[in-house]
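Written out below as structure tokens is the structure these notes cover.
Read-outs throughout are calculated quantities, based only on the coordinates presented, and are distinct from any laboratory measurement. In this text, all values refer to a predicted model and were calculated from it rather than measured experimentally. Methodologically, a virtual Cβ is constructed for each residue, glycine included, from the backbone with ideal geometry; neighbour enumeration extends over all protein chains shown.
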Amino acid sequence: MTSTIPDPREPNNLPPKTVSPDLAHERSRTPFDPLAITNFLDGGPDVTSRRRKLESWIIRDPTGIFDNDDNNYLHRTERHRRSLAKFVRLVELCRAAGVGAAKRKEEDAGAGGGGGAVQHLEGEICAAPEFQTLVYTISDDPFPTSLHWVMFVPNILTLCDTEQQSRWLPLCRDWKMIGCYAQTELGHGSNIRALETTATFLGESDGARKGGEWIINSPTLTSAKFWPGTLGKTANHAMVIAQLIDGAGKPRGIHNFLVPLRSMEDHTLLPGVETGDIGPKIGYNNMDNGFAKFDNVRIPRRNMAMRFAKVDEMGNYGKVEGGSSDAASKVAYITMMQVRAYIIHSSNEALAMACTIAIRYSAIRRQGYNADAEKKRDNNAPNEFQVLDYRQQQYRLLPLLAASYAIFFTGKHVLARLKDIEHQLVSGASTITKTVVGDIHATTSALKSFATTFTADGIEDCRKACGGHGFLVCSGLVELSQTYLQSCTVEGDNQMLPQQVVKVLLKLVGAVQSGDDAALKEYEVTDMNYLVDPLKALMQNGAGDVPTKSTFAFPSNTTGKDFVNVSTLLKAFEHRSACLLVDVAMQLQSSMGTSSAQQAWNDALLAMARASRAHASYLLLRDFSNGLNDEQQKGTESCLGPKELTALSRCLTLLALYWMDQFLEDFLQIQCITSAQIPHLRQALLDTMTELRPSAVGLVDARDFCDFRLKSALGKYDGDVYPAIMDAARRDPLNMESGEGGVGVGYDESLKRLIAGGVGEYHASDGGSVKNNGLSGTMSRL
């Protein structure tokens, strides 16, 4: 069928030659303008146009190096090699176009050990917003160089002094120095205090070079660095996290050291350094996650990051003058949390891509004869149901779509907060309290644990929702899932992070319980401040029994309409979070009377997981709601008009109802709702899905993923999925390498002997015996 609806991603905005009639129908009845939402997500119409132009550089690059059509058929070694070639070409394009050439606005200098706020050099490609757009567009597994700009350069910017930055940042900018962040070891991950790699000071009198040296050593097998991305074969330097031992032989805790790994001339390993790739993984196989062992590797004393702490030529350890005593640890925390925040924010795109594929395919795929409909489809085919019209399919996919938008708003909020905190810490513009640092730590830990688990499960649900074709690699969902899975483990295992969240939140419980107004004042600027009022209400109500009863409940006369009130839903989630947190506190208090503190903590871990999940889900819904309210208050200045806001508001309502249904036990346990009200909740859920159904394709189109990025036969914009599936099948090497007449590989050397050579023939006349065929005499008589 010829479409009259232009594909916004095509050159000159021309419509594709053909388009699925089902997708054309879906788009014709979308009750809002998807481009308005696209512009909002990008930051404005001009940004959208700029992004599309940047994407066209990659898609239409004359070298063809960025082509991903053969990815599914390549070994990881070849994909790694091609990924490096893609990145070098990307740098070449960026330099030719002047990306990063304009110097970023310098921020005011402040205290903090010889430097002001974080600044990037003129010409730093990675600091330019265009760079990340181009990286996303290439849509391959992460580049082998990724940790250079994600972790290595940020560590230099935040933890190294001015002189060190002046030496190393130009090398990073010019891609002479390519680095990674080497923290995780074979035997230890998140527990950085237990890391075994050592950095021991060596003075000139003991044979060191002028000014002193550090001896970097891996004393045990388990001390080998293991898992850091970019470490295996790509990086020539590493920011190594090691136990500092000063000139007096005194341990000074964990510090950062810039360690050369390979020659910058020919990339050969330097003396005492052993690195390599850790081998095939479930996904992420472009990336050379590596191992490294250090055999008494000597580096200059000044290769220790010295913005906040220093060691002099005599090996004396001290804090940098003018720097606060805990500034280094706070900045290190912020750097780690920024990576978590990026993981959280990137979850929205990963989930949205999966939803785009599954929802478009569900609108095209038809299943089950519609006996109630008289209208016949093209060529008098039976009028089958669109799979997307089945309620279970809507329940599987629409909440995931809504969640992708919620994670967008929260990711944006968290990144903005972290940027502000980092600026204040590094510049010394104002004091950042431990309460604020603890709060952002709890926020990022809770969200990282919940959002990445939800996203990973959601991508897999999208794959399953595509039926048998979802099992095909050409669906795009297989690689998307496998690549994303690492997010559940990297930067803090999702099963362990909740206890860090609750450890912070319990301090708030203590402050409320003690009535410490000065302490509570510090919480006013935190994400957890929403807990103060419900916790006070619980304390005043005499909380003491587990499970804790909520001081808020839906009225007995509640109907389905009451369940779609966003303010009421947020209040329910707010009180759920408070009650589950108090449950943890009460359980710990009770258990400590009969067991050790350590055992009591261990026994409460499951309750902590529930409390952390409740905290995270509230933050996601709150940020979604606040984001929409902000846009509504902007009026005509917002990219979002009333129709777009209505569609996104329905997403918010649906997500809240979905999570209430999914975690119904929590709300029943705290007596926020009753079993008699469950039918009203579920009717509200059905009604909201009905209202959102016409917007489904429009909401995924609004994410503006081009086919080049999706890499999916099922999620194509034109909906022409079946020819795409067949094309992918025919291009498989198993078919491409067939001989004359379509003879398959392996026939001549193996299968021919079975079919034509008589290996499997049964000879009844001689008692079922077989020819010897090279078998031993004993075997031939079995």
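Sites listed here are trypsin sites (Lys or Arg not before Pro) in segment 156-240 whose DSSP assignment is loop and whose Cβ has at most 14 other Cβ atoms within 10 Å: LYS176, ARG209, LYS210.
A crude spin-label estimate for the pair ARG730 and GLU524, with each label 7 Å from Cα along the Cβ direction, gives 7.0 nm. A cut-off under 13 angstrom between Cβ atoms defines the neighbours of ALA519, and their net charge, with Lys, Arg +1 and Asp, Glu -1, is -2. For segment 159-245, a/c is not less than 1.5, where a ≥ b ≥ c are the root eigenvalues of the C-alpha gyration tensor, and a/b does not top b/c. That puts it in the oblate class.
Within 10 Å, count the other beta carbons around each residue, average over each peptide in 35-41, 340-346, and list them highest first. The partial results should precede the final answer.
On the way: 35-41: 20.4, 340-346: 22.9.
Highest mean packing first, the order is 340-346, 35-41.
Beyond a 25 Å Cα-Cα separation, which of these cross-linked pairs lie in this structure: LYS448/LYS507; LYS330/LYS503; LYS319/LYS434? In this structure, no pair lies more than 25 Å apart at Cα. One quarter of the convex hull surface built on the alpha carbon atoms of segment 172-323 amounts to 10.1 nm², the projected area averaged over directions. Over segment 334-488, Cα pairs under 8 Å with separation of 6+ residues give a relative contact order of 36 percent.
Counting alpha carbon pairs within less than 8 Å and at least 6 residues apart, what relative contact order, in whole percent, applies to segment 187-251? It would help to have the intermediate numbers written out before the result.
Working: 80 pairs, mean separation 25.8, N = 65.
40 percent.
Protection proxy ranking of 727-735, 606-614, by the mean of other Cβ atoms within 10 Å over each peptide's residues and highest first, is 606-614, 727-735. Length gained on full extension, ASN565 to THR220, computed as 0.36 nm times the residue gap minus the Cα-Cα distance: 118.3 nm. Toward the positive end of the charge dipole of the chain, with +1 on the Cβ of Lys and Arg and -1 on the Cβ of Asp and Glu, the farthest Cα among ILE216, SER481, GLN183 is that of ILE216.
Here the chain is scanned for GluC sites (Glu not before Pro) in DSSP loops (not H, G, I, E, B) that have at most 15 other Cβ atoms within 10 Å, and the longest stretch holding none of them is 375-736.
Is it possible to state the helix-based mean residue ellipticity at 222 nm for the chain, with each DSSP H run of 4+ residues giving -39500 (n - 2.57), the sum divided by total residues, to the nearest 500 deg cm²/dmol? What is it?
Working: 26 runs with 368 residues, N = 782.
Mean residue ellipticity, 222 nm, calculated: -15000 deg cm²/dmol.
Size descriptors for the chain (Cα atoms only): Rg and Dmax, in that order, 29.6, 99 Å. Simple point charges give the picture: +1 on the Cβ of Lys and Arg, -1 on the Cβ of Asp and Glu, and for segment 114-183 a dipole about the Cα centre of about 140 debye. Charges were assigned to the Cβ only: +1 to each Lys and Arg, -1 to each Asp and Glu. The resulting dipole of the chain about its Cα centre is roughly 220 debye. Averaging the sequence gap over all C-alpha pairs within less than 8 Å and six or more residues apart, then dividing by the number of residues, gives the chain a relative contact order of 15 percent. Each label was represented as a point 7 Å from its Cα along the Cα-to-Cβ direction; for ALA96 and PHE385 these points are 5.3 nm apart.
When the convex hull of the Cα atoms of segment 399-486 is projected onto a plane and the area is averaged over all directions, what value comes out in nm²?
Values: hull surface 27.5 nm².
Value for segment 399-486: 6.9 nm².
Maximal additional length on extending the VAL546-TRP175 stretch stands at 127.8 nm, based on 0.36 nm per residue less the C-alpha distance.
Which percent, nearest 5, of DSSP beta bridges in the chain are antiparallel? It would help to have the intermediate numbers written out before the result.
Working: 32 of 39 bridges.
That works out to approximately 80 percent antiparallel.
Membrane-span-like helices of the chain, defined as complete DSSP H segments with a Cα extent of 24 Å or more along the helix axis and a mean Kyte hydropathy of at least 0.0, are identified as 327-364, 391-427, 497-514, 566-591, 642-662.
Mind checking the full-extension length gain between ALA371 and TYR722? Use 0.36 nm per residue of separation minus the Cα-Cα distance, one decimal, nm.
Numbers: separation 351, 0.36 × 351 = 126.36 nm, distance 2.54 nm.
Value of the extension gain: 123.8 nm.
What FRET efficiency comes out for the pair GLN662/ASP206, r = Cβ-Cβ distance, R0 = 60 Å, nearest 0.05? Here the calculated transfer efficiency is 0.45.
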